[in-house]
Structure formats: C-alpha cells, structure tokens
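Notes follow once the structure below has been shown.
The values are calculated or read from the model by the stated rules, or taken from the named source; none is laboratory data. It should be emphasised that the depicted structure is a prediction, and the values quoted were computed from it without experimental measurement. Cβ placement follows ideal geometry from the backbone for every residue including glycine, while neighbour counts extend to all protein chains displayed.
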Amino acid sequence: MAIKTPTKIQRAERRTDALSRERIITAAIEILDSGGEAALTVRALAARLATGSGAIYWRVADKNELLAAATDEVVARVMSDVVGDLTPREAIRAVALGVFDAIDVHPWVGAQLFREPWRPAMLAIIESIGGRLEALGVPHIAQFDSASALLHYILGVAGQNAANARVHAPDTDRSAFLASVADQWAALDPARYPFVRQMATQLRDHDDRAQFLAGVDLILAGIETVR
C-alpha cells in the first residue's frame, strides 16, 4: 500500500486550498472584470486556476451560479464598508455610493442584480436601505415606494454610468469628451433647446459621483416630507 509522504500531503492540501469555492469566485471576478460575462467560461476559469473543469463543477453548478456568487461577493464587500457611527441618512448615502462605485468597477454586477433579484446581493441592498427608512421616521405605508424609488435610482444610474464608460476606449479623455458634447449642446437652436443649452456649462465640468449623490439627496428630501 502506498503511503503519502509529508510532501505529497502538503501538495494535496495546497491544491485543495487553490480550488476552494472562495478562490474560484475570486478568479471568476477577475475574469469578469477583464473580459465581461462572455469571457467567463468554466474552461477559462479552469485554465486560470490550473485545474480541470471537473474540479470547478465539484464546487459550482454552472456559469449562472458563478455569476450570482461573484455578485454576492462584490455586494457583501460594499455592505461591510458601511460602518461607523452614521445617521440613517448618511448610511443610505454610503450604501448608494458604495453600490455606484462597485458597479463602476464591476459593470457586470448591475445586470446580474436585475437578473436574479431574489439573491442575497439584492436583498442586502434592499434591507440596508429599507431598514434606515424606518429610522428616518418614514411610515410603513410609504416605505415600499420609498425604498423602490431609491433602489431603482441607484441601480439605474450606476448601470448607465458603467454602460457609458464601456462605450469609450479605456484611454479616452473624459474631460475632452464632455467638453466636446458641451460644445455641441451650446451650439443647438436656442429656440428649440433652451434648457439643454443652459445645461451645457454644467455638463462640461460636472462630477458623476457628486451628481449621483445629489440625486440621492433629492429623493431622500422628498421621502422625508411623508413623515
């Protein structure tokens, strides 16, 4: 009977660790970030981890489970960062900005959240927002609509921002692009587009994250009136 030497045992332990579910999810996130959903295949994942497809399937059922698990992990990181002695309003803003930044870095997360809204990732966002509405004094009858308004604004704007970024090449000069669009707006017919022309100056120098938070504040201001 063959007896494993300590060296063989150590190698087996290293292989087991390398193929843990956590390591697989981390590798999946790296592939998704670099190539998008189309790049994530079990074959590509197995190649990155230097293992066989069977070892991957032993820990995850398929690509859909990988996407869901990767999304859960990214959102869990956002929730873990919302710490400290925050007021309910500050906590909602922190969650909103955390989700915005996460989808900016991981554009595939936004699509996956809508695809499977019953997963822990979406539930964590809803709970984190909705629980703070109670603390803000929003009556129960208005909490569903209030949470929905915030949720759809956060995910919608974050998703659109990520989509806009993917349209342009990675080396695109954002300031130059905005300046070009602003010049086009400023040159529009003043009788037909007076408001768009007025917005041209602000468009040129605006900050996406600051504008996003301004929208969150506007919604919160409206929500607070129902108290």
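List every residue pair whose Cβ atoms sit under 8 Å apart, with the two residues 6 or more apart in sequence or on different chains, where the first one lies in region 29-40 and is within 14 Å of T71 (Cβ to Cβ) and the second, anywhere, is modelled with pLDDT under 90 and among the small types (G, A, S).
If the second residue must be modelled with pLDDT under 90 and among the small types (G, A, S), the pairs left are E37/A111.
If you go through region 184-221, how many residues are assigned to a helix (DSSP H, G or I), surrounded by 11 or more Cβ atoms within 10 Å (Cβ to Cβ) and either within 25 Å of the chain's Cα centre (by Cα) or aliphatic (A, V, I, L, M) (or both)?
Final tally of qualifying residues: 17.
Test each condition in (1) in a helix (DSSP H, G or I); (2) more than 17 Å from H152 (Cα to Cα); (3) of a type outside the set (V, I, T) for Q112 and report the one that comes out false.
Every listed condition holds for Q112 apart from (2).
Would you confirm whether or not region 44-65 contains a residue that is aliphatic (A, V, I, L, M) and touching a His at 6+ places or on another chain (Cβ under 9 Å)?
Here is the first cut: in region 44-65, the ones aliphatic (A, V, I, L, M) are 44-47, 49-50, 55-56, 60-61.
With touching a His at 6+ places or on another chain (Cβ under 9 Å) added as a condition, the list becomes none.
No, that holds for no residue.
Could you list, in sequence order, the residues of region 101-155 that are surrounded by fewer than 15 Cβ atoms within 10 Å (Cβ to Cβ) and of a type in the set (F, W, Y)?
Within region 101-155, F114, W118, F144 qualify.
Taking region 59-100 on its own, how many of its residues are surrounded by 13 or more Cβ atoms within 10 Å (Cβ to Cβ) and assigned to a loop (DSSP other than H, G, I, E, B)?
4
Could you list, in sequence order, all residues of region 202-227 that are in contact (Cβ under 8 Å) with a residue 40 or more places away in the chain and of a type in the set (D, E, K, R)?
D208, R209, D217, E224, R227, listed by residue number.
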